[in-house]
1. Scanning the stretch 23-58 for residues that are under 15 Å from the mean Cα position of the chain (by Cα) and loosely packed, with under 12 Cβ neighbours inside 10 Å, which turns out modelled with the lowest pLDDT?
2. Examine the stretch 101-115 for a residue that is exposed (fewer than 11 other Cβ atoms within 10 Å of the Cβ), modelled with pLDDT under 90, on the phi > 0 side of the Ramachandran plot and not aliphatic (A, V, I, L, M), and state whether such a residue exists.
3. Does Glu91 meet the test of being modelled with pLDDT of 90 or more and not in a strand (DSSP E or B)?
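The values are calculated or read from the model by the stated rules, or taken from the named source; none is laboratory data. Just so it is clear, the model here is predicted, and its values are computed rather than measured. Here the Cβ is made from the backbone with ideal geometry for all residues, glycine too, and neighbour counts use every protein chain on show.
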Amino acid sequence: MTVNIICRIPAKKSGVKAVPFELPAEPSSLRELVRMCVISCIGAYDREKRKEEPIPEQRFREMEYTGKFAFGYDGERSAADPEKAVSDALEAIRDGVVRVFSGDTELTDPDGELHVKDGDTFTFIRLTMLTGRMW
């Protein structure tokens, strides 16, 4: 089953597009949909990270000597914990930091019944909190 996921961050001005997600089965609740999407994203992230080649030892020693290290290199990176990632995603939805919409309908109950058809579009919106002080 394929669904389209639109991920937006309101503060970003870049365009958005629907990304097709291949789901292993039809999710019956928001909780299952989030679980399937998060596990799919973790798999893609891990595959992408495995493609990266480590920094050669000589270059690493040069960075160590100068005290300037390149960002993005994580030689001892452990694999992401899927259960923790799913738990964090569901907590963000429960806390209202992330909103989920199916078409124009907001999905708020993680365990509520969800009817998904092939080609449905879901929108995940991460809300950003403004910082500052009270007047």
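1. Looking at the filtered set, the residue picked out is Glu48.
2. Checking the stretch 101-115: at least one residue is exposed (fewer than 11 other Cβ atoms within 10 Å of the Cβ), modelled with pLDDT under 90, on the phi > 0 side of the Ramachandran plot and not aliphatic (A, V, I, L, M).
3. yes
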